[in-house]
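Single-structure report; data block below.
The values are calculated or read from the model by the stated rules, or taken from the named source; none is laboratory data. Given the structure is predicted, the values throughout are model-derived calculations rather than measurements. In this analysis, Cβ positions are derived from the backbone assuming ideal geometry, glycine residues included, and neighbour counts consider all displayed protein chains.
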Amino acid sequence: MIAYAEPFLLAPVRERTYQGFAEAVTATLVIRLDQLKSQKLADGSQLIDGSPGNEVLYWAFIGRLSFPYDVVITNQLIASAEYIGSSVHTAIRGGITNGITTRNPSARARMTAIVSTYPLIGEDGVTRTLRGGETYSEADSARFAGSLLVHEIGPPAFRLRASLWKRACVMNPPELLRFREWAERLSPEDCPMDGAKSP
């Protein structure tokens with residue numbers, strides 16, 4: 001995990017222990033989330049405005065509200081700091097969640113896969129920096145969003161598991177918001193379905 005995260009950390013890992021790693025990841029999350037909070041949208045409003053729409057927990061529990069959809073695609077930035085359920089790849093981007101899949105008894109599939117397109121289309125300075133300075137075309141944004149959706153529905157639909165080490169697999173999350181680099185590494189030939197399944 002340290003090897004995966006270290007190139008993207010904004011704070012050093014002072015000691016190679018769980019505690020030292022957690023402190024560096026948490027510091028990075030807080031620094032980047034504070035940077036996001038300072039960003040404005042084109043209309044001058046705050047990127048993160050204090051409404052629940054930015055909170056990952058709001059989206060995680062949306063299925064408890066008689067929400068009958070299997071897939072939700074939103075342009076809302078989902079970025080927050082949580083005490084539970086956070087992942088290293090989300091924390092190093094400042095709490096930005098590209099998508100989640102949550103249980104939903106009201107949906108036909110009993111789950112809802114949610115993808116945020118904001119990381120693909122947002123033009124604030126922090127998001128662009130995390131994206132490697134790129135602005136994607138509509139076609140590229142749509143293609144990358146489709147791959148993110150596959151990443152989200154993979155675990156419940158096909159019992160695929162996340163993998164930080166198998167970079168050719170769609171279950172390997174994008175590093176920061178570098179979706180082009182991520183998509184260019186994907187290779188079905190180098191990531192057979194059987195090898196990606198949970199036991």
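Scanning region 82-125 for residues that are within 18 Å of Ile62 (Cα to Cα), touching a residue at least 12 places away in the same chain (Cβ under 8 Å) and over 13 Å from the mean Cα position of the chain (by Cα) turns up Glu82, Thr102, Arg103, Asn104, Pro105, Ser106, Ala107, Arg108, Ala109, Met111, Thr112.
Among the residues making up region 21-39, those that are among the hydrophobic types (A, V, I, L, M, F, W, C) and buried (at least 19 other Cβ atoms within 10 Å of the Cβ) are Phe21, Ala24, Val25, Leu29, Leu33, Leu36. Here Val13 fulfils each of the conditions (1) β-branched (Val, Ile, Thr); (2) outside any loop (DSSP other than H, G, I, E, B); (3) without any contact (Cβ under 8 Å) to a residue 40 or more places away in the chain apart from (2). Among the residues here, Ile100 does not qualify as modelled with pLDDT of 95 or more, under 13 Å from Pro173 (Cα atoms) and of a type in the set (A, V, I, L, M). Mind listing whichever residues of region 45-61 are surrounded by fewer than 13 Cβ atoms within 10 Å (Cβ to Cβ) and outside any helix (DSSP H, G or I)? Once the filter is applied, which keeps residues that are surrounded by fewer than 13 Cβ atoms within 10 Å (Cβ to Cβ) and outside any helix (DSSP H, G or I), region 45-61 yields Ser45, Asp49, Gly50, Ser51. Quick one: is Gly132 among the small types (Gly, Ala, Ser) and in contact with a strand residue (DSSP E or B) (Cβ under 6 Å, 6 or more places away or on another chain)? The answer is no for Gly132. Against the conditions (1) hydrophobic (A, V, I, L, M, F, W, C); (2) at pLDDT below 95; (3) crowded, with 16+ Cβ neighbours inside 10 Å; (4) more than 13 Å from the chain's Cα centre (by Cα), Ala42 satisfies every one except (3).
If I filter region 15-25 for residues that are touching a helix residue (DSSP H, G or I) at 6+ places or on another chain (Cβ under 7 Å) and under 14 Å from Arg93 (Cβ atoms), do I get at least one hit? Yes, the conditions are met somewhere in region 15-25. Hey, could you check region 187-199 for residues that are surrounded by fewer than 16 Cβ atoms within 10 Å (Cβ to Cβ) and touching a helix residue (DSSP H, G or I) at 6+ places or on another chain (Cβ under 9 Å) and say which is modelled with the highest pLDDT? Result: Met193. Taking the conditions (1) under 19 Å from Ile31 (Cα atoms); (2) surrounded by 22 or more Cβ atoms within 10 Å (Cβ to Cβ) in turn, Asn104 satisfies each one other than (1). Checked against the criterion of being charged (D, E, K, R), exposed (fewer than 14 other Cβ atoms within 10 Å of the Cβ) and under 29 Å from Ala27 (Cα atoms), the candidates Glu123, Glu184 yield just one match: Glu123.
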